[in-house]
1. Of the residues Gln475, Gln502, which is more than 14 Å from ligand 2 (Cβ to nearest atom), farther than 25 Å from Gly391 by Cα and in contact with a Gly (Cβ under 7 Å, 6 or more places away or on another chain)?
2. Check Glu438, Glu405 and return the single one that is within 16 Å of ligand 2 (Cβ to nearest atom) and under 24 Å from Ile530 (Cβ atoms).
3. So, of the residues in the stretch 393-411 that are buried (at least 17 other Cβ atoms within 10 Å of the Cβ) and more than 16 Å from ligand 1 (Cβ to nearest atom), which turns out to be farthest from Trp352 (Cα to Cα)?
4. Could you list all residues from the stretch 505-521 that are more than 16 Å from ligand 2 (Cβ to nearest atom) and either touching a Leu at 6+ places or on another chain (Cβ under 6 Å) or hydroxyl-bearing (Ser, Thr, Tyr) (or both)?
5. Does the stretch 371-384 include one or more residues that are assigned to a loop (DSSP other than H, G, I, E, B) and surrounded by 19 or more Cβ atoms within 10 Å (Cβ to Cβ)?
6. Going through the stretch 546-560 one residue at a time, which ones are part of a helix (DSSP H, G or I) and touching a helix residue (DSSP H, G or I) at 6+ places or on another chain (Cβ under 8 Å)?
7. Only one of Ala296, Ala355 is assigned to a loop (DSSP other than H, G, I, E, B), closer than 30 Å to Gly191 by Cβ and at pLDDT below 95; which?
8. Restrict the check to the stretch 561-583 and report whether at least one residue is within 24 Å of Met436 (Cα to Cα), under 31 Å from the mean Cα position of the chain (by Cα) and part of a loop (DSSP other than H, G, I, E, B).
Amino acid sequence: MKQERGKILEGIAASPGIGMGDAFCLQRRRHGIRRYHIEESDVEAELLRFDGGVVRAIENLNSIMKEIDSESSRNHYDILQAHTFMLEDPVLIDGTKKKISERRLNAEWALENTVRDLETMFFNRADETLQERVADLHQSTHHVFDQLLGVQSRLMSDIPENAVVIAENLSPSETTTFYRTRVAAIVLEKGGRASHVAIIAQSLGIPTVLGVPEALEIIRDGGRVIVDGGRGRVVVDPSDAQRERYEDRRKRRDSLAMELLDRKTAPAQTKDGTHILLGANLAALGKLANLDAFGADVVTLFRTEFMFIDRAQPPDEEEHYSCYRKLVEGAGGRPVTIRTQDLGGDKCPQYWPFADERNPLLGTRGVRTVQRHPEWMEQQVCAILRASALGPVRLLLPMITGVGELRELRELIARAKESLRKRGVAYDPDTPIGIMVETASAGIVADRLAAECDFFSIGTNDLVQYTLAVDRDSQELAYLYSPLHPAVLRLVDSICKAAKSQNIPVALCGEIGSDPLYTLLLIGAGIDEIGMGASNIPFIRGLIRESHRSEAEKLFADALDAHTVEDVRELVIPWMRSRFPRYFSD
Ligand code: PEP
Ligand code: MG
């Protein structure tokens, strides 16, 4: 542990705001497994040690299951139960014991060996369900390894309120647990600017810094930490002076937020009369109250893939419907855009059948799953259409790459409508059908796509990734991942022009929507609606109300003229800072 007072760690600014609290270090098991042969006389003791590890692991799982009682965690409960069954499976347990007694391997080595045998056995069978069990096998034996190694790996459910969570990385489903437990801030060793951790943290308004190397080594569990999510800085064990400085900045930001919140019902309209719709991006129902609290006009994006994760099977039509009904009712008459699942990449459930892809971000993702599992999409589309009978709903398709794909999906939607009609179930036949423009190909053929859908939603998180060929999660390549790249700006420009030429609205739902630095560029490009983590809406509204569309158009035109990312940055950042100093004092 090499902690120093007031040390500043630099990382990627992933979700703005200043968070202070005590560090809660989520240490995963990082120790290597020691492998050694035991003496004949030690076999009995080693068998007892192994049994003890298994019993404690099962007890541990049972105690977590006891804590999970809410309806929404039912599937999590089922998964943990499957893990306990796995730890009672004679093939695993007896197989390991045999290796301890016959080959005299120490318990960890024997368990590791048995896991490897089972893995090979599962993969060699063409049976998908057996292959899916490999993930269960790893997760359940993880608990036994922890017990044997004496490492108590801490669980998400242990995190106290207002802690600063420090971890190597968090899965998207782990991050969604912060809908329940309020944390002060998040610091991860891994992750990039548009990773899903960043997106969820933004939607929850949790200050977050990602890509901080060795954070777990440097930050002491329980030690005081300040996280500056806007600048990408982490202050470890701050001095009194540092603490006061950050408190001061936080107060200034809070007072601007309070002032802007007072005007939350004022329209987001420029001084020369352009009205921009401001919407919330949501990934779960938990934060519907934020729509009123921050004055959202619409729900620009409801990400549904998290409903598919943390469970043993995909949701059926009724489960989908029950969720969308609550969403539409909770939105209180605001238009709601529901996106069909965008599974794949880093959002893969346990039953994911495409786990062996070499390059998941270029593999089966979003609407591409329809080839193997059309029923996932059919049931979801039926449920979204049913929700359209309850209030204004728009249906959004992710990961579209061309017109052929869009036509096939429109046929699927038409069949879903037909089946609802036959079943006598109500839906709005005019439910708008839009597409995410987030692949380079969709951007390039946007004129053709605009003629065959009702609205666009530009997903810059992926558009940047797929245009610049940079993994959006990569910490190493974060320096290349820039929405200000001239190629991205040109695409955004031609996408907006294509939408205008067909008279369809264009929304933007990537993370840049939350960042005031980009607001004028977006208005200048001709974006009609901007989606973001709801807590950012007052800032973006305030800024729009102080601006003119004419200056936004000039800024965007100048940015389009620039040749490099650096040129665009040097143009936009100082201009925004001097034009709107209050919004950038942080
Ligand atoms: C995007 O790609 O910009 C987007 C909003 O979708 P997601 O982040 O869920 O991929
Ligand atoms: Mg996307």
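1. Working: Gln502 fails: in contact with a Gly (Cβ under 7 Å, 6 or more places away or on another chain).
Answer to the check: Gln475.
2. One residue alone meets the criteria, Glu438.
3. Val393
4. Initially, the stretch 505-521 is screened for residues more than 16 Å from ligand 2 (Cβ to nearest atom), giving 505, 515-521.
Within the stretch 505-521, Pro516, Tyr518, Thr519, Leu520 meet the criteria.
5. So in the stretch 371-384, the residues assigned to a loop (DSSP other than H, G, I, E, B) come out as 372-373.
Keeping just the survivors that are surrounded by 19 or more Cβ atoms within 10 Å (Cβ to Cβ) gives none.
For the stretch 371-384, residues assigned to a loop (DSSP other than H, G, I, E, B) and surrounded by 19 or more Cβ atoms within 10 Å (Cβ to Cβ): absent.
6. Arg549, Glu551, Ala552, Glu553, Lys554, Leu555, Phe556, Ala557, Asp558, Ala559, Leu560 - these are the residues of the stretch 546-560 that are part of a helix (DSSP H, G or I) and touching a helix residue (DSSP H, G or I) at 6+ places or on another chain (Cβ under 8 Å).
7. Values: Ala296 fails: at pLDDT below 95.
Just a single option satisfies the conditions, and that option is Ala355.
8. No, because not a single residue in the stretch 561-583 is within 24 Å of Met436 (Cα to Cα), under 31 Å from the mean Cα position of the chain (by Cα) and part of a loop (DSSP other than H, G, I, E, B).
The values are calculated or read from the model by the stated rules, or taken from the named source; none is laboratory data. Because the structure is a prediction, the values reported are computed rather than measured. Cβ sites come from the backbone with ideal geometry, for glycine too, and all protein chains shown count toward neighbours.
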